[in-house]
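Read through the structure below, which is laid out as structure tokens, and then see the notes.
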Protein chains: 2
Amino acid sequence: MQIKKYTDYGLRTLIYLGIRSPGSVVTINEICDAYDIPRNHLNKVIHQLGKEGFIRTKRGKNGGFSLAAPPHEIRLDHVIRRLEGDTPWVNCHSPTCTIEPACELQHILAEGKRAFYQFLSNYTLASIIGNKAQLERIFTTNTL
Amino acid sequence: MQIKKYTDYGLRTLIYLGIRSPGSVVTINEICDAYDIPRNHLNKVIHQLGKEGFIRTKRGKNGGFSLAAPPHEIRLDHVIRRLEGDTPWVNCHSPTCTIEPACELQHILAEGKRAFYQFLSNYTLASIIGNKAQLERIFTTNTL
DNA sequence: TCTGTATATGCATTAATAATGCATCTTATA
DNA sequence: TATAAGATGCATTATTAATGCATATACAGA
């Protein structure tokens, strides 16, 4: 039980964008350098973030991506649900569990998952950007 | 984001014990046959269930294990927390994330995890045993 | 229109971790 | 003391996530 690095990278990207002035465009390479994470993986994350509508991506020269909405409008539950994939937290099939029809576990876990995401729905990208000034400092220090 | 088979097997074992008369002793082989799951893995699950105090195990001839408490007293959050392992749902180290000190993600996710387990704390082994008669039927049919 | 720079896409490979298998030890009891 | 049960440790396999690599596509500006 742990979110994937994939999801983690997506959130870090949003944080990086979130402390920028609205509409400012950054590239995948810039994020990779900032966090020292592999380009190939991030590539796919950025792509999905674009497809899901969290960021706007633009190809070609002077291309890159930027937030599609202000940080306080990007909800954590939405981002994590999408990046993480919204599958059940218990797998009653493959292989099929014989008691499945008489077992309430899957339903209770599904509700538990709902409780988790409902809690997260109270938070946005703005919520996880704790100390904006400190974040800016970290990034500029790393880049130099 | 999915519970491990390990945890799943543990819960299935408790369900199997839960529909038995109190104190009745079963063996690892019996559980393996009932669910068609590998003995080696279940071995370790049973061992931990014993260590954690959910079941009482007994070695040697005529040995086996039984529930250490009635089903309605065995809380789901306790069982899953123990079997699943209670580690953070995001890993800010290995490798260390540079923005960790300025990032609220880990704290919010920790609270989200808390919300999940708090929800589960309303349920017990008795809760996931939906249809006791049907369960009994499934097991006797499988055994024949 | 050509060239360079950016994301998009698919497939191959590696890494991490869970699951399983195997061997053997320990304990209890008939 | 033989047998049947769980306990334990290590080896192997399977699964899935992560990473690497190659190349396509799009866009901007010279």
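In nanometers and ordered shortest first, the copy-to-copy spacing of the A:LYS58 label point, defined 7 Å from Cα toward Cβ, is 7.5. Using a 7 Å projection from Cα along Cα-to-Cβ, the label point at B:HIS78 is separated from the same position in the remaining copies by 4.1 nm, smallest value first.
For A:GLN106, inter-copy separations between label points set 7 Å beyond Cα along the Cβ vector come to 3.6 nm, shortest first. Just checking the listed ones, A:LEU17, A:LEU109, A:LEU67: in the Gaussian network model of chain A with Cα springs under 10 Å, the one fluctuating most is A:LEU109. Computed from Cα positions, the angle between helix A:5-18 and the longest principal axis of chain A comes to roughly 40 degrees.
Placing unit charges on each Cβ (+1 for Lys and Arg, -1 for Asp and Glu) gives the protein assembly as shown a dipole about its Cα centre, and among A:TYR35, B:ASN40, A:ILE128 the Cα reaching farthest toward its positive end belongs to B:ASN40. The long axis of helix B:105-120 is offset from the longest Cα principal axis of chain B by roughly 30 degrees. Over the range A:5-142, how many pairs of lysines fall under 23 Å by alpha carbon, counting only those 8 or more apart in sequence or from different chains? Here the count comes out as 7. Each Lys or Arg adds one and each Asp or Glu subtracts one; over the other residues with Cβ under 11 Å from the Cβ of A:GLY10, this totals +2. Around the Cα centre of the range B:5-142, unit charges on the Cβ atoms of Lys, Arg, Asp and Glu (plus for the first two, minus for the last two) sum to a dipole of about 660 debye.
With charges only on Cβ, +1 for K and R and -1 for D and E, what is the dipole size of the range B:81-144 about its Cα centre, in debye, rounded to 20?
360
May I ask which residue of B:ALA68, B:PHE54, B:VAL25 lies farthest towards the positive end of the charge dipole of the range B:5-142, with charges of +1 (Lys, Arg) and -1 (Asp, Glu) on Cβ and the Cα centre as origin? So the residue we want is B:VAL25. Of the candidates B:THR96, B:THR13, B:THR87, which one comes out as most mobile in a Gaussian network treatment of chain B with C-alpha springs shorter than 10 Å? The residue that fluctuates most here is B:THR96.
Taking the Cβ of B:THR140 as the centre, find all other residues whose Cβ is under 13 Å away and add up their charges (Lys, Arg: +1; Asp, Glu: -1). All intermediate terms of the calculation are to be shown ahead of the outcome.
Values: positive: B:ARG20, B:LYS132, B:ARG137; negative: B:GLU30, B:ASP33, B:GLU136.
Surrounding charge for B:THR140 is 0.
Its Cα centre serving as origin, the protein assembly as shown has a Cβ charge dipole (Lys and Arg +1, Asp and Glu -1) of approximately 380 debye. Of the residues B:ARG20, B:ARG82, B:ARG114, the one that moves most in a GNM of chain B with alpha-carbon contacts below 10 Å is B:ARG114. Helix B:39-51 axis versus longest C-alpha principal axis of chain B: approximately 80°, rounded to the nearest ten.
Add +1 for every Lys or Arg and -1 for every Asp or Glu among the other residues with Cβ under 15 Å from the Cβ of A:GLN118, and state the total. Mind dumping the intermediate values first?
On the way: positive: A:ARG75, A:ARG81, A:LYS113, A:ARG114, B:LYS113, B:ARG114; negative: A:ASP77, A:ASP86, A:GLU111, B:GLU111.
Residues close to A:GLN118 contribute a combined charge of +2.
The relative contact order of the range A:5-142, computed from alpha carbon pairs under 8 Å that lie at least 6 residues apart in sequence, is 30 percent.
Every number here is computed from the coordinates shown, using simple stated rules; none is lab data. These figures come from a predicted structure and were not determined experimentally. Please note: Cβ atoms are built from the backbone with ideal geometry, for glycine as well, and neighbour counts cover all protein chains shown.
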